[in-house]
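K.L.:
Once you've had a glance at the structure underneath, I'll fire off some questions.
The values are calculated or read from the model by the stated rules, or taken from the named source; none is laboratory data. Computed from a predicted structure; not experimentally measured. Note that each Cβ is placed from the backbone with ideal geometry, even for glycine, and that neighbours are counted across all protein chains shown. To get the accessible areas, we keep the full protein, side chains included, count just its heavy atoms, and leave off ligands, DNA and RNA. Shrake-Rupley method; radii C 1.70, N 1.55, O 1.52, S 1.80 Å.
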Amino acid sequence: MILAQSLTIDSVLVNNCIQFTTWGFSSLLLAEVVRDAYHALCHQITWLAKWHNKHHAVYRRDLTLTSQKAYVDSQLYHDIVESVILVIILTIIALLAHQWGLWLGVAYAVTFLYGASLRYFQGTIDTDYNHLPGALDKIPSVWWVNRTYHWRHHFDDVNAYYSGVFPLVDKILGTGLSLKGKTVALTGASGALGQALAAELLKHNAKVVALTTNPEEIAIQERVKIVKWELGNETQLKESLNKVDILIINHGVNVYGDRTSSAIHKSYQVNTFSALELIDVFSTTVTGPQDKATKEIWVNTSEAEVSPALSPLYELSKRALGDIVTLKRLDQTCVIRKLILGPFKSQLNPYGVMSANQVAKGIVFFAKRDFRNIIVTVNPLTYILFPIKEFSTWLYYRIFSKGVKSK
């Protein structure tokens with residue numbers, strides 16, 4: 001009987017611990033959502049914007065201060081106000097819900113108020129991690145908001161990149177990547193997906209550079225520049241790529257059941273080595289102080305990375321490309337996104353079950369939510385198999401390969 005009572009007490013304790021942890025974790029997420037939602041509202045509501053604009057007026061493009069007084073004022077009118085509102089809202093929720101775990105969120109909010117107060121009274125920027133001056137030496141983080149990620153809110157698009165610590169709200173709102181005013185170069189621009197992607201990018205106020213071997217197949221239109229290129233002459237595109245923000249590598253070839261030596265060479269030359277050369281050429285353009293924040297490469301590696309495509313050489317060459325992209329990502333020269341796409345109707349695959357327009361919409365939808373691996377397919381197994389394959393490959397390459405800086 002004593003043993004039974006002991007087990008009952010232990011189970012109650014365990015249940016309380018689980019409950020506290022669950023509510024505590026939820027309160028931290030709630031704190032981030034409330035804080036970032038307030039930030040987003042500051043860009044939508046005029047009277048809030050008057051206070052918030054004091055914060056934006058403080059920084060130059062290298063995040064140095066325009067003046068010490070402006071910085072101190074921004075702490076009072078923005079950071080302290082934001083923190084006080086956050087503490088009040090979370091305290092009210094914790095009092096109404098009668099859950100001890102929610103007070104963890106209140107304590108978390110108090111840390112923001114403490115840091116803002118310290119910066120206001122001492123005038124120091126040391127605890128303002130996202131605004132420390134200096135060159136942007138890292139790419140925007142996908143898991144939390146680093147300096148490069150937040151820099152984009154100030155100088156790329158003030159109506160995007162609202163998140164302050166975790167980019168949850170940006171993923172919900174689709175403000176994790178702004179395409180407004182971006183110059184996007186696209187290979188395979190005359191194909192079904194290329195044309196659909198160009199149209200979708202134009203809807204989001206981007207400018208398109210159509211890189212194609214068949215310029216006559218692309219209609220002339222506003223905000224679309226057509227550049228002819230030939231396979232094997234990727235280095236000649238460097239001048240065109242210098243002012244490009246995003247390069248989408250989308251061209252490819254499918255030899256279907258052919259397994260001749262010429263088919264092998266053609267498959268790897270088009271699907272693998274041409275893409276690798278373009279990645280390297282574009283990487284040489286990432287030289288400016290803010291290029292790491294704005295330059296990106298999107299690579300169509302295809303669902304063939306993990307699934308059969310009924311075309312062995314297409315699968316082999318695309319898998320090789322996918323592995324090379326995983327390897328290149330370790331250098332963090334710029335953001336590199338993978339496009340893992342299921343079968344859609346095109347010249348390469350007339351039997352596709354999706355439309356190119358559907359796929360293009362899916363790509364842009366996930367890109368704006370800062371997904372680095374963009375999966376658009378009707379095959380549910382890909383959503384399970386690809387993350388496992390990508391993580392294991394990344395871990396293996398990270399352990400057993402060295403970048404240029406590591407030599």
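K.L.:
If I model a spin label as a point 7 Å beyond the Cα along the Cα-Cβ vector, how far apart are those points for ASP62 and LYS180 in nm?
P.N.:
2.7 nm
K.L.:
Sticking with this one: Enumerate the residues in region 358-379 having an amide nitrogen under 20 Å from the point lying 7 Å beyond the Cα of VAL142 toward its Cβ.
P.N.:
Zone members listed by number: 360-379.
K.L.:
If the viscosity is 1.002 mPa s and the temperature 20 °C, what translational diffusion coefficient in µm²/s does Stokes-Einstein give for region 233-370 when Rh comes from Kirkwood over Cα pairs? Could you put the intermediate results ahead of the total?
P.N.:
Values: Rh = 15.8 Å.
Using the Kirkwood radius from Cα pairs, D works out to 136 µm²/s.
K.L.:
Based on alpha-carbon atoms only, what is the radius of gyration of region 272-324 relative to the globular estimate 2.2 N^0.38 Å? Each step should come with its number before you reach the end.
P.N.:
Values: Rg = 13.9 Å, N = 53, 2.2 N^0.38 = 9.9 Å.
Normalised Cα radius of gyration, region 272-324: 1.40.
K.L.:
Which order do peptides 265-272, 312-319, 55-62 fall in by mean Cβ count within 10 Å, highest first? Don't jump to the answer; show the numbers that get you there.
P.N.:
Values: 265-272: 19.0, 312-319: 21.1, 55-62: 15.9.
Sorting 265-272, 312-319, 55-62 by mean packing, highest first, produces 312-319, 265-272, 55-62.
K.L.:
For helix 2-42, what angle does its Cα long axis make with the longest principal axis of the chain, in degrees from 0 to 90 and rounded to 10?
P.N.:
Orientation of helix 2-42: about 70 degrees from the principal axis.
K.L.:
Under a Cβ-only charge scheme (Lys and Arg +1, Asp and Glu -1), can you give me the dipole magnitude of the chain about the Cα centre, in debye to the nearest 20? Before the final figure, lay out the partial values.
P.N.:
Working: 40 positive and 33 negative charges, 82 e Å.
Using only the charged Cβ atoms, the result is roughly 400 debye.
K.L.:
Tell me which of LEU29, THR284, TYR129 sits at the most positive position along the dipole axis of the chain, charges placed on C-beta atoms (Lys, Arg +1; Asp, Glu -1).
P.N.:
Of the options given, the answer is THR284.
K.L.:
Now, a different point. Which one of ASN16, GLY115, ALA199 has its Cα pushed farthest toward the positive end of the charge dipole of the chain, where Lys and Arg give +1 and Asp and Glu give -1 at the Cβ?
P.N.:
Ranked along the dipole, the leading option is ALA199.
K.L.:
May I pose another question? Using only the alpha carbons of region 1-95, determine the length spanned along each of the three principal axes and report them from longest to shortest in whole angstroms.
P.N.:
For region 1-95, the Cα spread along each principal axis is 72, 27, 18 Å.
K.L.:
Further, regarding this structure: Separation between the VAL14 and TYR129 pseudo-spin-labels, each 7 Å from Cα along Cα→Cβ, expressed in nm?
P.N.:
3.5 nm
K.L.:
Please give me the summed charge of the neighbours of SER67: other residues whose Cβ is under 13 Å from its Cβ, Lys and Arg +1, Asp and Glu -1. All intermediate terms of the calculation are to be shown ahead of the outcome.
P.N.:
Working: positive: LYS54, ARG60, LYS69; negative: ASP73.
Once all neighbours under 13 Å are counted, the net charge is +2.
K.L.:
Leaving out ligands and nucleic acids, note down the accessible area per residue over region 52-138 with a 1.4 angstrom probe, in whole Å². Could the numbers behind the result be given before it?
P.N.:
On the way: 4630 Å² over 87 residues.
Spelled out: the 1.4 Å probe surface of region 52-138, per residue, equals 53 Å².
K.L.:
If you wrap a convex hull around the Cα atoms of the chain, how much volume per residue is inside, in Å³? Show your work: numbers first, answer last.
P.N.:
Working: hull volume 84.9 nm³, N = 407.
Dividing the Cα hull volume of the chain by its residues yields 209 Å³.
K.L.:
Using alpha carbons only, how many degrees (0 to 90, rounded to 10) separate the axis of helix 380-400 from the longest principal axis of the chain?
P.N.:
That works out to roughly 90 degrees.
K.L.:
Give me the angle, in degrees from 0 to 90, between the Cα long axis of helix 274-283 and the longest principal axis of the Cα atoms of the chain, rounded to the nearest 10.
P.N.:
Taking the Cα atoms of the chain, the angle to 274-283 is about 40 degrees.
K.L.:
Roughly how big is region 162-274's charge dipole about its Cα centre, with Cβ charges of +1 (Lys, Arg) and -1 (Asp, Glu), in debye to the nearest 20? Spell out each step's value before the answer.
P.N.:
Working: 12 positive and 10 negative charges, 53 e Å.
Magnitude of the dipole: close to 260 debye.
K.L.:
When the accessible area of the chain is computed with all protein chains present and a 1.4 Å probe, what percentage of it is carbon and sulfur? Write down the numbers at each step before the final one.
P.N.:
Working: 13050 of 20650 Å².
In the chain, the share of accessible area belonging to carbon and sulfur is 63 percent.
K.L.:
Report, ordered by chain and residue number, the lysines lying within cross-link reach of LYS69, taken as a straight Cα distance under 29 Å and ignoring same-chain residues fewer than 8 apart.
P.N.:
Within reach: LYS50, LYS54.
K.L.:
For region 33-176, just run the numbers: alpha carbon Rg, then divide by 2.2 N^0.38 Å, N being how many residues it has.
P.N.:
Numbers: Rg = 15.2 Å, N = 144, 2.2 N^0.38 = 14.5 Å.
In units of the globular-protein estimate, region 33-176 measures up at 1.04.
K.L.:
Quick check for you: with a 1.4 Å probe and neighbouring chains kept, what is the accessible area per residue of region 174-243, in Å²?
P.N.:
On the way: 3370 Å² over 70 residues.
Ligands and nucleic acids excluded, the result is 48 Å² per residue.
K.L.:
Averaged over every viewing direction, what's the projected area of the C-alpha convex hull for region 99-170? Give it in nm², one decimal, please. Don't skip to the end; give the middle numbers.
P.N.:
Working: hull surface 24.6 nm².
One quarter of the hull surface, i.e. the mean projection, equals 6.1 nm².
K.L.:
Among HIS78, ALA320, TRP103, whose Cα projects farthest towards the positive end of the dipole of the chain, with charges put on the beta-carbon of Lys, Arg (+1) and Asp, Glu (-1)?
P.N.:
Value: ALA320.
K.L.:
Just how large is the dipole of region 1-93 about the Cα centre, in debye to the nearest 20, putting +1 at every Lys and Arg Cβ and -1 at every Asp and Glu Cβ? Present the calculation step by step, with values, prior to reporting the outcome.
P.N.:
Working: 6 positive and 7 negative charges, 86 e Å.
Rounded to the nearest 20 debye, it is 420 debye.
K.L.:
How much of the DSSP bridge set in the chain is antiparallel, in percent, rounded to the nearest 5?
P.N.:
Working: 1 of 28 bridges.
Given both bridge residues lie in the chain, the antiparallel proportion sits at roughly 5 percent.
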